[in-house]
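These notes are about the structure you will find just below.
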Amino acid sequence: MPKNLVIVESPAKAKTIEKYLGPDFQVLASVGHIRKDTKVDKETFDVTYEIDADHKKIISTLKKAIKSAQKVWLATDEDREGESISWHLIEVLKLPHDTARITFHEITKPALETAIKSPRTINMAMVDSQKARQTLDMLVGYDLSDIVRKKVPGAISAGRVQSPALRLIVEKEQEIEDFEASSSFKITATFKKPHTDFEFSAILDDKTPLTEEQAESLLNKLTNNNFKITDIKKSTTVKKNPIPLTTAALQIEASSKLGFSARTTMSAAQGLYQSGMITYHRTDSLNLSTTATSQIAQYIKTTFGTEYLKTRHFKTQSASAQEAHEAIRPTNISLTTAGKNQYEKKLYQLIWSRTIATQMANAKIAKTTFKINSNQTTFLAKGEIVLFDGFLKIYGNSKDIILPELSIGDSLIALNIVAHQTFQTPPARFTEGSLVKKLEELGIGRPSTYASIMTALITRKYITKGISDGTNRQVTKLTLNLTKNPPHIPIKTQVYEKFGNNKGKLLPTPIGKLVSHFLIDHFQNIVDYQFTATIEKELDLIAEQKLQRVKMLKQFYQPFQRTVLTATNAERYNNARLLGHDPKTKKPIYAKIGKNGGFIQLGDNEKTSGEKPRFAPLPQNQTVETTTLSLALKQLALPTLPRILGTAPDGVELIATNGPFGPYLKGGKYSIPMKDLSPYTVSLATALPLYQQKLDSIIADWGDIMIINGAYGPYIKGPGRKNHLKIPKDEDPHKITKDEATKRLAHKPQKTTSKRQLKRHKNISS
């Protein structure tokens with residue numbers, strides 16, 4: 001039997017570690033937290049824990065292994081969450097309080113050997129900090145969620161960190177709604193040097209907004225084609241190489257360069273860390289070890305040459321960051337590719353190239369500006385050439401904008417001058433990357449929890465990701481073509497351009513707006529950015545033994561509890577808007593928000609009027625604030641749902657209706673999504689092919705169990721919404737019997753989710 005037992009939190013991490021430590025070590029995983037908090041005493045803030053039912057077998061295995069081991073090592077992650085997991089292991093497994101605790105920021109043989117040589121004991125200050133965060137999130141989440149569920153229709157929950165993040169998104173949307181776009185005309189010209197074919201563009205050196213009339217007048221004055229170079233400015237600038245990756249920076253970069261969500265980024269990073277490919281991915285540190293910088297330096301010199309090397313040492317700005325930790329980097333610099341799937345591979349390449357770039361020379365850029373004058377105005381032409389690419393060789397890019405060789409006094413030929421109508425752009429909506437950046441700037445939450453925050457907001461339908469690539473807008477274009485024979489007059493044309501692209505951007509839902517407004521009205525501290533950031537600093541102070549956990553909790557919770565009691569007496573918050581009255585029935589018509597979003601209501605509530613009101617969805621692209629009485633009347637004129645369309649050839653009645661996931665067609669026991677069709681207007685003729693397509697996809701139907709040919713190939717569908725099992729490509733699905741299908745569903749591999757991930761998600765989303 002192995003002499004040493006090492007306990008980690010993840011099976012994947014256990015597998016990687018075991019191959020490095022050798023036969024004297026057995027490595028087992030706790031699979032996250034082995035017990036969970038069930039309640040908190042609101043006076044003493046003592047936490048009651050109970051063993052998670054799923055962990056009883058794991059605990060039994062660990063206890064058995066402990067009996068036969070000479071020494072136990074706790075090797076959970078080096079952050080507060082990892083420290084807490086180790087503390088729970090000591091408590092439940094009844095290990096001595098001086099049990100060896102080891103940490104390492106990378107899963108490599110040297111790092112593990114170093115950790116074994118310098119064990120420590122549990123850091124109770126870090127445990128207390130994690131307990132304080134968990135207690136706060138539990139108490140606030142429970143009390144706040146209970147209030148919003150009662151007072152805000154459609155609300156599910158609210159949380160300490162989730163709520164300020166939601167407020168940021170809602171306020172950004174309000175800025176956009178309040179924005180009044182004005183238009184002006186931008187003047188650009190295309191020039192060339194006489195007797196050459198090289199063309200280049202220049203812009204009008206005047207930022208004064210021009211009306212259409214002013215733009216046309218200016219173009220009329222520029223028909224003589226008398227343009228000269230009156231000034232040339234040349235300069236050399238330096239583009240600095242990037243700093244190492246922290247957790248927040250990784251999420252921002254992965255969002256910008258790879259289009260990854262924060263959740264995808266953290267999941268891929270977790271996989272890379274557990275397989276020993278990168279250092280610990282939850283860090284605020286910018287530090288790179290001397291070993292790492294030496295390896296990077298050698299790689300740069302060997303691969304690119306000494307001129308590309310510029311060794312840099314970075315100092316972390318955050319006072320709470322631990323300099324013993326490192327930035328996120330590859331554990332083996334010579335390994336240029338790594339990862340089990342496309343997400344891990346792409347993320348690893350990003351981490352690798354960014355890390356190398358931090359030790360590379362700056363790029364040198366030569367910039368040139370030509371001042372081009374006529375009798376009437378001045379144009380500027382700007383170009384740049386990369387003199388030395390430096391770090392740009394592997395990270396980032398800089399495109400050459402080439403200008404011809406010209407001297408002061410040289411004449412130029414203007415080919416055309418264009419006045420293009422442009423509109424001011426509203427503030428940009430948040431992407432996941434830009435929201436991460438903002439949260440970090442404000443000190444709200446921790447970078448490792450940002451993914452959970454956004455997941456919680458999307459799951460609760462408080463925010464959604466935009467899917468529109470914009471709508472067409474007509475703009476005016478005036479073109480002065482100076483290559484044609486006179487007379488030279490501006491030609492006016494109308495062109496279309498896209499605007500309002502929100503694809504991938506974070507948008508608040510009507511319910512999300514309502515929840516945010518309610519919290520601002522009744523729980524100002526909870527959604528106050530500075531207050532939330534202060535709480536994070538106090539949690540850091542607990543970890544540094546500069547603040548007592550109970551004292552901090554009392555200072556926060558007692559005033560919060562009084563606010564909860566006050567909010568209990570608040571009116572139900574539905575933001576109903578009276579649009580007017582129905583001309584026929586004289587009943588009031590309201591625009592409201594309910595659990596499924598905005599809707600139109602004809603008549604008062606049944607309790608008040610004694611008569612059940614009629615409902616209709618909000619008009620498309622309208623909100624409670626923007627819809628009108630005339631639009632509401634059109635919606636109320638729509639047929640009621642569910643709507644019977646008719647009968648299919650097999651005698652099945654087809655019904656169009658709405659559900660939680662959008663409009664769908666119901667035909668017997670089959671439900672068929674109608675993505676781009678309205679249940680109010682869809683015809684039987686349109687519905688029949690959808691129904692037939694569904695029938696054609698059914699290979700076998702035994703009631704609760706079916707074999708279906710889906711978009712990604714055939715699969716077995718069992719009872720329940722997500723009980724599916726894919727059929728291998730080389731197998732004929734028509735030959736599978738009911739018994740075989742039942743057997744496969746019963747023994748299908750279970751998709752497992754890390755207990756620790758679940759715990760983290762719970763903590764943030766509550």
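The values are calculated or read from the model by the stated rules, or taken from the named source; none is laboratory data. Computed from a prediction, not measured in an experiment: that's the story for all the values here. A quick note on method: Cβ atoms are made from the backbone with ideal geometry, for glycine too, and the neighbour counts reach across all protein chains shown.
Assorted remarks:
- Strands (runs of 3 or more DSSP E) completely within the range 1-77 that count 3 or more residues being within 31 Å of the chain's Cα centre (by Cα): 35-40
- Under the condition of being in contact with a helix residue (DSSP H, G or I) (Cβ under 6 Å, 6 or more places away or on another chain) and surrounded by 15 or more Cβ atoms within 10 Å (Cβ to Cβ), the residues counted in the range 534-552 number 7.
- When the range 553-563 is limited to residues that are within 31 Å of the chain's Cα centre (by Cα) and not hydroxyl-bearing (Ser, Thr, Tyr), the one that is surrounded by the fewest Cβ atoms within 10 Å (Cβ to Cβ) turns out to be Phe560.
- The numbered conditions (1) farther than 22 Å from Lys234 by Cα; (2) part of a loop (DSSP other than H, G, I, E, B); (3) small (Gly, Ala, Ser) are all true for Ala419 except (2).
- When the range 121-139 is filtered for residues that are over 17 Å from Asp37 (Cα atoms) and either without any contact (Cβ under 8 Å) to a residue 40 or more places away in the chain or polar (S, T, N, Q) (or both), the ones remaining, listed by number, are Thr121, Asn123, Met124.
- Residue ID - farthest from the chain's Cα centre (by Cα), chosen from residues in the range 200-216 that are surrounded by fewer than 13 Cβ atoms within 10 Å (Cβ to Cβ) and at pLDDT below 95: Thr208
- Inside the range 476-524, residues that are within 19 Å of Glu571 (Cα to Cα) and of a type in the set (Asp, Glu) make up a count of 1.
- Residue in the range 382-391 that is outside any strand (DSSP E or B), at pLDDT 95 or above and of a type in the set (A, V, I, L, M, F, W, C) present: yes
- The one condition in (1) without any contact (Cβ under 8 Å) to a residue 12 or more places away in the chain; (2) under 29 Å from Asp146 (Cβ atoms); (3) more than 35 Å from the chain's Cα centre (by Cα) that Gly610 fails to fulfil: (2)
- Filter result (of a type in the set (D, E, K, R), buried (at least 17 other Cβ atoms within 10 Å of the Cβ) and part of a helix (DSSP H, G or I)) within the range 137-165: Asp137, Asp143, Lys151
- Qualifying position, being at pLDDT 90 or above, outside any helix (DSSP H, G or I) and over 33 Å from the mean Cα position of the chain (by Cα), among Thr311, Thr302: Thr311
- Scanning the range 235-247 turns up one or more residues that are in contact with a Lys or Arg (Cβ under 6 Å, 6 or more places away or on another chain), within 15 Å of Gln349 (Cα to Cα) and surrounded by 16 or more Cβ atoms within 10 Å (Cβ to Cβ).
- Checked against (1) at pLDDT below 95; (2) closer than 20 Å to Lys221 by Cα, Glu405 meets all criteria but (2).
- Residue within the range 373-385 that is more than 30 Å from Leu219 (Cα to Cα), surrounded by 18 or more Cβ atoms within 10 Å (Cβ to Cβ) and in contact (Cβ under 8 Å) with a residue 24 or more places away in the chain present: no
- When the range 248-290 is limited to residues that are among the basic types (Lys, Arg) and over 11 Å from the mean Cα position of the chain (by Cα), the one that is surrounded by the most Cβ atoms within 10 Å (Cβ to Cβ) turns out to be Arg282.
- Restricted to the range 94-136, and to residues there that are among the acidic types (Asp, Glu) and buried (at least 20 other Cβ atoms within 10 Å of the Cβ), the residue that is farthest from Glu538 (Cα to Cα) is Glu106.
- Subset of the range 473-490 [exposed (fewer than 11 other Cβ atoms within 10 Å of the Cβ) and part of a strand (DSSP E or B)]: Gln474
- Taking the criterion of being more than 30 Å from Asp143 (Cα to Cα) and in contact with a Lys or Arg (Cβ under 9 Å, 6 or more places away or on another chain), the only residue of the range 157-181 that qualifies is Ile176.
- Boolean, Ile365 is touching a residue at least 40 places away in the same chain (Cβ under 8 Å), in a strand (DSSP E or B) and under 38 Å from the mean Cα position of the chain (by Cα): yes
- Picking from residues in the range 601-639 that are touching a helix residue (DSSP H, G or I) at 6+ places or on another chain (Cβ under 6 Å) and not in a loop (DSSP other than H, G, I, E, B), the one that is surrounded by the fewest Cβ atoms within 10 Å (Cβ to Cβ) is Leu602.
- Of the residues making up the range 648-674, those that are closer than 19 Å to Arg721 by Cα, in a loop (DSSP other than H, G, I, E, B) and not hydrophobic (A, V, I, L, M, F, W, C) are Pro660, Gly668, Lys669.
- Take the conditions (1) closer than 19 Å to Ile243 by Cα; (2) out of contact with any Pro (no Cβ under 7 Å at 6 or more places or on another chain); (3) not in a helix (DSSP H, G or I); Ile372 misses just one of them, which is (1).
- Scan of the range 327-354 for residues that are among the polar types (S, T, N, Q) and farther than 15 Å from Gln251 by Cα, ordered by number: Thr331, Asn332, Ser334, Thr336, Thr337, Asn341, Gln342, Ser353
- If you check Ala65, Ala12, Ala75 for being surrounded by fewer than 21 Cβ atoms within 10 Å (Cβ to Cβ), under 29 Å from Thr449 (Cα atoms) and among the small types (Gly, Ala, Ser), only one passes: Ala12.
Conditions tested, residue by residue: (1) surrounded by 18 or more Cβ atoms within 10 Å (Cβ to Cβ); (2) at pLDDT 90 or above; (3) at negative phi.
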{"site": "Pro649", "(1), (2), (3)": "no, yes, yes"}
{"site": "Glu653", "(1), (2), (3)": "no, yes, yes"}
{"site": "Tyr664", "(1), (2), (3)": "yes, yes, yes"}
{"site": "Gln693", "(1), (2), (3)": "no, yes, yes"}
{"site": "Ile698", "(1), (2), (3)": "no, yes, yes"}
{"site": "Trp702", "(1), (2), (3)": "no, yes, yes"}
{"site": "Gly710", "(1), (2), (3)": "no, no, yes"}
{"site": "Glu731", "(1), (2), (3)": "no, yes, yes"}
{"site": "Ile764", "(1), (2), (3)": "yes, no, yes"}
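- Given (1) assigned to a helix (DSSP H, G or I); (2) touching an Asp or Glu at 6+ places or on another chain (Cβ under 7 Å); (3) not charged (D, E, K, R), index of the condition Gln349 fails: (2)
- Here Thr38 passes the criteria (1) surrounded by 15 or more Cβ atoms within 10 Å (Cβ to Cβ); (2) under 30 Å from Val550 (Cβ atoms); (3) of a type in the set (S, T, N, Q) except the one numbered (1).
- Residue check for Thr48: touching a strand residue (DSSP E or B) at 6+ places or on another chain (Cβ under 9 Å), of a type in the set (S, T, N, Q), modelled with pLDDT under 90 and surrounded by fewer than 19 Cβ atoms within 10 Å (Cβ to Cβ): no
- Any helices (runs of 4 or more DSSP H) falling wholly within the range 512-585 and containing at least 2 residues that are farther than 30 Å from Leu618 by Cβ and without any contact (Cβ under 8 Å) to a residue 60 or more places away in the chain: 529-543, 549-568
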